[in-house]
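Single-structure report; data block below.
The values are calculated or read from the model by the stated rules, or taken from the named source; none is laboratory data. As the structure is a prediction and not an experimental result, all values here were calculated from the model. Reconstructed Cβ throughout: ideal geometry from the backbone, glycine too, with neighbour counts over all protein chains shown.
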């Protein structure tokens, strides 16, 4: 199967995928030519994106802020949840301190943040 060789090809394929997504629905049969084309092009685009536009893991600060938003938590509520003071949460969110083992464990368990993100590995 062919590969996307450069950014120009990638942009053209991406535009075509977007056009096909407007035509192909969940009711489109797998034998439909548009469905087949979308399936093939989406695989090519995904392969190119993995190689040239990888999405890395978030930092602990990004993960904490996202989880605060998702759980509708204030810094005080997060502090209560993970067993630290609000000022300690502020220091974590501002990158002034790293979590201790116990705090890291609480963050991972109580906020459901992957341990590799909490530990920065």
Residues satisfying the stated conditions in the stretch 55-72, i.e. closer than 18 Å to residue 120 by Cβ and not in a helix (DSSP H, G or I):
55, 56, 57, 58, 59
Among the residues that make up the stretch 28-42, is at least one of them assigned to a loop (DSSP other than H, G, I, E, B), in contact with a helix residue (DSSP H, G or I) (Cβ under 9 Å, 6 or more places away or on another chain) and over 25 Å from residue 3 (Cβ atoms)?
yes
Take residue 22 and tell me if it is loosely packed, with under 10 Cβ neighbours inside 10 Å, within 25 Å of the chain's Cα centre (by Cα) and either over 30 Å from residue 112 (Cβ atoms) or not assigned by TED's automatic domain parsing to the domain that holds residue 112 (or both).
yes
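Every residue, every condition in (1) over 30 Å from residue 108 (Cβ atoms); (2) surrounded by 16 or more Cβ atoms within 10 Å (Cβ to Cβ); (3) touching a residue at least 40 places away in the same chain (Cβ under 8 Å); (4) not assigned by TED's automatic domain parsing to the domain that holds residue 112, yes or no:
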| site | (1), (2), (3), (4) |
| --- | --- |
| 11 | yes, no, no, yes |
| 18 | yes, no, no, yes |
| 29 | yes, no, no, yes |
| 35 | yes, yes, no, yes |
| 45 | yes, yes, yes, yes |
| 70 | no, no, no, no |
| 73 | no, yes, no, no |
| 77 | no, no, no, no |
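Listed residues 115, 104, 86; which is exposed (fewer than 13 other Cβ atoms within 10 Å of the Cβ), free of Cβ contacts under 8 Å to residues at least 60 places away in the same chain and in contact with a helix residue (DSSP H, G or I) (Cβ under 6 Å, 6 or more places away or on another chain)?
On the way: 104 fails: exposed (fewer than 13 other Cβ atoms within 10 Å of the Cβ); 86 fails: exposed (fewer than 13 other Cβ atoms within 10 Å of the Cβ).
Residue meeting the stated conditions: 115.
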